Amino acid sequence: GEMAVEAQLYEEAYAIFKKFNLNVQAVNVLLDNIHSIDRAVEFAFRVEEDAVWSQVAKAQLREGLVSDAIESFIRADDATQFLDVIHAAEDGNVYQDLVRYLLMVRQKTKEPKVDSELIYAYAKIDRLSDIEEFILMPNVANLQNVGDKLYDEELYEAAKIIYAFISNWAKLAVTLVKLKQFQSAVDAARKANSAKTWKEVCFACVDEEEFRLAQICGLNIIIQVDDLEEVSEYYQNRGCFNELISLMESGLGLERAHMGIFTELGVLYARYRPEKLMEHIKLFSTRLNIPKLIRACDEQQHWKELTYLYIQYDEFDNAATTIMNHSPEAWDHMQFKDVIAKVANVELYYKAVHFYLQEHPDLINDVLNVLALRVDHARVVDIMRKAGHLRLVKPYMVAVQSNNVSAVNEALNEIYVEEEDYDRLRESIDLHDNFDQIGLAQKVEKHELLEMRRVAAYIYKKAGRWKQSIALSKKDNLYKDAMETASQSGER
């Protein structure tokens, strides 16, 4: 037989081997030399020998006849080639046959690869009940790896069975999300209790508009400061503003509620529900990250709330500036008086004077009274004089005249002369001497009112200009005044 093969007399060799029942050699001649798998199969059926079937199976596998090869391996009861068979079956997508083969192999050998592949093959042909039965029996499959492989290949139902069995709640939750079983996914996430899982389930629920379930997940995420922003952005990018606000409002009641939740809710109110913003700020001013909320209010132009936050944060200069720049919304007289009294930048006092002069002239004296101890009275008088409204601040000037500032004295005296109020003018001259006395006297000595001319004589007398005083008095026939002045002068 060997010599016949060497001489390439294959048919003769086959006949010799067959005649003497050297069946393995005979089948090898058919396979290796004659290259006829069909005849080899026919021969194997005739002799029904395991070793023959093994040779046939290997040849069929090499030729890519996977189903036939598996059939032959099963007949041969041969489990040695399981790795090659698994690869070939997966490439050829013949999982039905692979299951039968692996069940045979399992009886011969305990291999994690075999058990794992069997589960995978069941999944591929959708025999889920068999998977459930199989994992309950003793087996050596690497279930975690199988689960991951099934998940990657989108065989989610099968992956669900595996993850549930090995209690991998995180992966189970994600798998259930893929199956759109959101309620179960939330339950699994609760058992997994990791931020990453909560986020995946939450975002999936948002995408599917399962907002009630998303909120359950969200409440478990927003208690982590770092994850809060991410959730907020995810909702906002999808336009779910009301649902996000509702989530944050629920978050306020949590025992682990932190500053971030209160602040984020404030920012959301500023953007989407301005009518609720002020109440929120007043209720929770101590629990807010004020600088962050200040930026949000500034961005969204909520001037009244912005002012309130500046005051809470003791930034009185900014508060005063905001009120003056955005007075239609932000101005409140009582509040402004409180704020302006506490500002550090002196220039804001004078800005406030200009502001009240333009917008609330009726209240300007009220504000000036608050600022009386802080402002330079001469500068205020100058501002009002330039604006041509000096008379407007007369009550304020009367109140501060006791400081004996020349600008205030001269302004008041000027007003008294205009108003022909000679009693107040005389009183002012008596009590407050810091002004240009001779200038005033020259101004009123030709006044048409007698009493005013008397004041001029009085000023000259006070200044020691006896002759001028007497001359004025005599001119008006006020001899009593002239005598008093002469007496005071002590000059014979």
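The values are calculated or read from the model by the stated rules, or taken from the named source; none is laboratory data. Quick caveat: nothing in here was measured; it's all calculated off a predicted structure. As a convention, Cβ positions derive from the backbone with ideal geometry for all residues, glycine included, and neighbour counts pool all protein chains shown. Side chains included, ligands, DNA and RNA excluded: accessible areas come from the protein's heavy atoms. Shrake-Rupley method; radii C 1.70, N 1.55, O 1.52, S 1.80 Å.
Candidates 277, 247, 265, 252: the one that is open to solvent by less than 10 Å² (accessible area, probe 1.4 Å) and more than 14 Å from the chain's Cα centre (by Cα) is 277. Would you please name the residue that is nearest to residue 184 (Cα to Cα), looking only at residues in the range 142-158 that are in a helix (DSSP H, G or I) and within 35 Å of the chain's Cα centre (by Cα)? So, considering only residues that are in a helix (DSSP H, G or I) and within 35 Å of the chain's Cα centre (by Cα), the one nearest to residue 184 (Cα to Cα) is 156. All told, residue 125 falls short of being buried (at least 19 other Cβ atoms within 10 Å of the Cβ) and touching a helix residue (DSSP H, G or I) at 6+ places or on another chain (Cβ under 7 Å).
When we screen 451, 418, 410 for residues that are acidic (Asp, Glu), open to solvent by 80 Å² or more (accessible area, probe 1.4 Å) and either in a helix (DSSP H, G or I) or touching a Ser or Thr at 6+ places or on another chain (Cβ under 7 Å) (or both), the only hit is 418. Of the residues making up the range 388-398, those that are in a helix (DSSP H, G or I) and loosely packed, with under 15 Cβ neighbours inside 10 Å are 391, 395. Per the listing 312, 335, 301, the residue uniquely within 41 Å of the chain's Cα centre (by Cα), at positive phi and not hydroxyl-bearing (Ser, Thr, Tyr) is 301.
Residues that are buried (at least 18 other Cβ atoms within 10 Å of the Cβ), over 17 Å from the mean Cα position of the chain (by Cα) and modelled with pLDDT of 90 or more: does the range 231-240 have at least one? The answer is no, given that none of the residues of the range 231-240 is buried (at least 18 other Cβ atoms within 10 Å of the Cβ), over 17 Å from the mean Cα position of the chain (by Cα) and modelled with pLDDT of 90 or more. A single member of 479, 416 is free of Cβ contacts under 8 Å to residues at least 40 places away in the same chain and either closer than 30 Å to residue 380 by Cβ or touching a Phe, Trp or Tyr at 6+ places or on another chain (Cβ under 8 Å) (or both), and it is 416.
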